[in-house]
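Working notes, beginning with the structure itself.
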Amino acid sequence: MGCGRVGSGLALELEAKGHTVAVIDHNRESFRRLGPNFNGQTVAGVGFDRDTLIEAGIEKAGAFAAVSNGDNSNILAARVARETYSVEHVVARIYDADRAEIYQRLGIPTVATVLWTTDQILRRLVPEGSRSEWRDASGLIKLCEVTIEASWYGHPALWIEEHTPARLAFITRLGEGLIPDQHTVLQEGDLVHVMVAEKDIAEVDVILAKPLERN
């Protein structure tokens, strides 16, 4: 929802990755930003209107991004997508960073504009593999945000260290960072950050993408 610079950029990048994309905007002129080679669907209308969402294919959607220029519209549309249509991956862009934390606690992943990057939103729409956040001067060690398969939720966070060659650095939960200890349990919505050797990243991705195997 929203075909400004952010929305059009996301739509084009998602389509380039092989996804089927529908774009909603109240202004038909906005669709010009998609260019002549965009093969997705464009729907003119209000992004939280159910008829508009259904026309755009919300009932079959695997992900929904609310990136219009209005906080209220974005959070309302995101909640409709999550609560009415059970879309698995939902993210809303919020200009007011203080409000963003409140919406995080309501279960809607948000990205405040001051912290926004296209990559952050894509990570929440299409979570897969690891994303490098920092590397040491030698390039041999990386701090990565990793994606974990759902069966890991409800289990000790430190099990990541038991099952992979990575070291758990910290977790971002509801917009706040925490350093896990032996009592920390992984929860849905956690952003997991690990320290890992460059040579082990592929192995870590494979292990965390599979259902958890108990020893």
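Among (1) at pLDDT below 90; (2) in contact with a Gly (Cβ under 7 Å, 6 or more places away or on another chain), which single condition is residue 68 missing? In the conditions (1) at pLDDT below 90; (2) in contact with a Gly (Cβ under 7 Å, 6 or more places away or on another chain), residue 68 misses (1) alone. Scanning the range 11-32 for residues that are more than 23 Å from residue 75 (Cβ to Cβ) and free of Cβ contacts under 8 Å to residues at least 40 places away in the same chain turns up 12, 15, 16, 18, 20, 28, 29, 31, 32. So which residues in the range 145-171 are surrounded by 15 or more Cβ atoms within 10 Å (Cβ to Cβ), in a strand (DSSP E or B) and without any contact (Cβ under 8 Å) to a residue 60 or more places away in the chain? The answer is 145, 156, 168, 169, 170, 171.
Screening the candidates 73, 86 for the property of being surrounded by 13 or more Cβ atoms within 10 Å (Cβ to Cβ), polar (S, T, N, Q) and not assigned by TED's automatic domain parsing to the domain that holds residue 190 yields one hit, 73. Tell me, yes or no, whether the range 43-50 has at least one residue that is of a type in the set (A, V, I, L, M), modelled with pLDDT of 90 or more and under 15 Å from residue 8 (Cβ atoms). Checked the range 43-50: at least one residue is of a type in the set (A, V, I, L, M), modelled with pLDDT of 90 or more and under 15 Å from residue 8 (Cβ atoms).
Here 129, 177 are screened, and the one residue that is under 30 Å from residue 74 (Cβ atoms) and either buried (at least 19 other Cβ atoms within 10 Å of the Cβ) or at pLDDT 70 or above (or both) is 177. Scanning the range 185-199 for residues that are outside any strand (DSSP E or B) and buried (at least 17 other Cβ atoms within 10 Å of the Cβ) yields 186, 190.
The values are calculated or read from the model by the stated rules, or taken from the named source; none is laboratory data. Since we're looking at a predicted model, the values are computed, not measured. Don't worry about glycine lacking a Cβ; one is built from the backbone with ideal geometry, like all the others, and counts go over all protein chains shown.
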